[in-house]
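J.: Pasting in a structure now, in structure tokens, and then I'll have a few things to ask.
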Amino acid sequence: MSIDLKQCYLFAHLDEDQFEKVKGMAHEIRLRDGQLFFQSGDPATHFYLVIQGQIKLTRLSMQGQEKVIEIISPGQTFAEALMFGESPEYPVNAVAIGDSYLLSFENTTFLEILRGSIDTCFRLMGDMSHRLKSLIREIDELTLQSASCRVASFLWKRWEARPQGDESFKLQAPKGVIASRLSVTPETFSRILHNFSSQGLIHVDGGRVDVLDERGLLDFADISGRINRDISSN
């Protein structure tokens with residue numbers, strides 16, 4: 001799988017000279033399924049772009065249970081915000097989901113590139129601001145919504161993000177990982193999927209999901225006011 005680096009928000013506003021420097025500094029990293037990439041407290045010297053596979057960012061609870069903070073998919077970056085701190089450390093663990101292929105970029109070198117263009121810096125800050133707002137919305141969902149609403153919201157977003165023409169989407173990560181990301185137990189996640197299927201909202205076939213009742217799922221998610229899409233009534 002190939003990724004156009006210019007589609008990544010970090011590199012989208014670079015001029016040609018800057019972009020060539022970024023390509024020259026990229027290093028390939030390959031990880032096995034389940035391999036620990038870095039752990040909380042390690043020096044944060046690089047940021048990363050996922051090309052293939054997935055990375056789960058996790059923390060351990062006081063009881064030693066793994067909590068999935070984020071799932072990073074192909075085309076997405078992680079750990080980039082840490083480059084702006086002094087002597088930064090990774091605040092999470094990073095573990096491969098499936099055999100994964102990443103590109104690594106050194107923080108200090110990328111910062112030198114940014115120092116050469118104030119305009120690029122401001123555009124990057126704007127993009128990061130939008131991403132921060134998105135994360136705040138996710139925190140609201142995790143803290144204010146019921147478990148069923150969180151699962152419905154997750155399914156709806158995956159449904160909207162599916163390639164045009166596809167009649168279903170793949171969950172892409174193990175159900176236990178998704179459950180942890182949504183702050184529910186694997187048993188609760190499976191039970192909610194079963195309930196949605198029984199109500200005729202979705203159809204689940206292995207790791208694939210087909211939304212049968214868009215309006216019903218959207219209403220269940222209780223996020224109508226936050227999704228910019230009109231759904232015509234049947």
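The values are calculated or read from the model by the stated rules, or taken from the named source; none is laboratory data. This is a predicted model, so every value here is computed, not measured. Quick reminder, even Gly has a Cβ in these numbers, built from the backbone with ideal geometry, and neighbours come from all protein chains shown.
J.: Can you tell which of F37, F78 is touching a strand residue (DSSP E or B) at 6+ places or on another chain (Cβ under 9 Å), under 17 Å from D127 (Cα atoms) and either of a type outside the set (G, A, S) or assigned by TED's automatic domain parsing to the domain that holds I118 (or both)? Full working, then the answer.
T.: On the way: F37 fails: under 17 Å from D127 (Cα atoms).
When all the criteria are applied, what remains is F78.
J.: Listed residues I192, I178; which is touching a strand residue (DSSP E or B) at 6+ places or on another chain (Cβ under 9 Å), in a helix (DSSP H, G or I) and either surrounded by 15 or more Cβ atoms within 10 Å (Cβ to Cβ) or at pLDDT below 90 (or both)?
T.: Only one candidate passes the filter, namely I178.
J.: Looking at the range 10-71, what strands (runs of 3 or more DSSP E) fall wholly within it and have at least 2 residues that are exposed (fewer than 13 other Cβ atoms within 10 Å of the Cβ)?
T.: Passing ranges, in order: 27-31.
J.: Right, here's the next one. Being out of contact with any Asp or Glu (no Cβ under 9 Å at 6 or more places or on another chain) and in the same structural domain as L14 (by TED's automatic domain parsing) narrows it down to one residue among L114, L155; which is it?
T.: Numbers: L155 fails: in the same structural domain as L14 (by TED's automatic domain parsing).
The unique qualifying residue is L114.
J.: Related question: Restricted to the range 92-130, and to residues that are loosely packed, with under 13 Cβ neighbours inside 10 Å and at pLDDT below 90, which residue is nearest to the chain's Cα centre (by Cα)?
T.: H130
J.: If S129 passes every condition in (1) without any contact (Cβ under 8 Å) to a residue 40 or more places away in the chain; (2) touching a Lys or Arg at 6+ places or on another chain (Cβ under 6 Å); (3) within 21 Å of F47 (Cα to Cα) but one, which one does it miss?
T.: For S129, the exception is condition (2).
J.: I'm trying to understand the selection: among the residues of the range 132-163, which are among the β-branched types (V, I, T) and either without any contact (Cβ under 8 Å) to a residue 40 or more places away in the chain or outside any helix (DSSP H, G or I) (or both)?
T.: Correct list: I136, I139, T143.
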